[in-house]
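Comments concern the structure below.
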Amino acid sequence: TERPYVVDEMISAKTIAARIEDLAREIGREYADTEKLVVVGLLRGSFVFIADLVRELDLPVEVDFLEASSYGDAMQSSREVRILKDLRSPIEGRDVLVVEDIVDTGFTLHHVLKLLSSREPRKLRTIALLDKPARREVALKADWTGFEIPDEFVVGYGIDFAQRNRNLPFIGKVRFPEA
Ligand code: PRP
Ligand code: MN
Ligand code: MG
């Protein structure tokens, strides 16, 4: 049985879209010389963000996915990151951008970056839509961040709570009303 909760809007779909336009412009400058940029989405949370981001990128782009999971259905990180699905293509010598929905403890992105940098890409950068610095346990920051947020459990725009709410078009925070 599930404890009932409500979701309060925190970042609107419009605000997210405007921020993604800016981020895409900055990424375009950083990779202006690229032959082709491999944009790597971390499943499942980043599927909405990567879809919107790549459509704003005015660069030759290839899209690939890697599935990492640490939370399962829990509200707390397990701190054990498992790679459930690896990239389809080799990235040695290539330009790579890792797309993440949120950096919380930092374990997921840390683990993924360690793995991908061992494959010796030409340039490896990261972008996270959300950053929750209050919860960081591994010192690390994405090269680009959409929004810094306070220590709230957020859902929507790809992010789930026990696999629900990924389809909300905005970022909201989970609230448990008093019984
Ligand atoms: C969530 C989120 C990030 C990660 C961030 O993924 O999408 O990938 O946790 O947390 P961390 O910085 O504490 O590691 P989750 O493991 O829930 O898998 P999902 O993307 O499939 O929901
Ligand atoms: Mn994730
Ligand atoms: Mg999750």
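So here's what we get for this one:
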| quantity | calculated |
| --- | --- |
| Ordering of 122-134, 32-44 by burial proxy (mean other Cβ atoms within 10 Å per residue, highest first) | 122-134, 32-44 |
| Calculated [θ] (222 nm, deg cm²/dmol) that DSSP helices of n ≥ 4 give over the chain, each run adding -39,500 (n - 2.57) | -6500 deg cm²/dmol |
| Distance histogram for the chain (every C-alpha pair counted, 10 angstrom bins, percent rounded to whole numbers) | 9, 39, 36, 13, 2, 0 |
| Folded to 0 to 90 degrees: helix 107-117 orientation relative to the chain principal axis, Cα | 10 degrees |
| Angle in degrees between helix 13-30 and the longest Cα principal axis of the chain, rounded to the nearest 10 | 20 degrees |
| Spacing of the two label points (7 Å from each Cα toward its C-beta) at Glu148 and Glu21, in nm | 2.5 nm |
| The chain: relative contact order in percent, alpha carbon pairs under 8 Å with at least 6 residues between | 26 percent |
| Spin-label model distance (nm) - His110 vs Asp64, 7 Å beyond Cα toward Cβ | 2.5 nm |
| Over 18 Å [Cα-Cα, segment 13-79], rounded percent | 47 percent |
| DSSP bridge pairs, segment 1-100: antiparallel proportion in percent, nearest 5 | 20 percent |
| Antiparallel bridges, percent of DSSP beta bridges restricted to the chain (to nearest 5) | 35 percent |
| Equivalent ellipsoid semi-axes, segment 56-156, via Cα gyration tensor eigenvalues times 5, rooted, Å | 23, 16, 13 |
| Antiparallel bridge percentage (DSSP; both residues within segment 81-179; nearest 5) | 25 percent |
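Read-outs: derived from the displayed coordinates by stated rules, not from any lab. These numbers were taken from a predicted model, which means no experiment stands behind them. Here the Cβ is made from the backbone with ideal geometry for all residues, glycine too, and neighbour counts use every protein chain on show.
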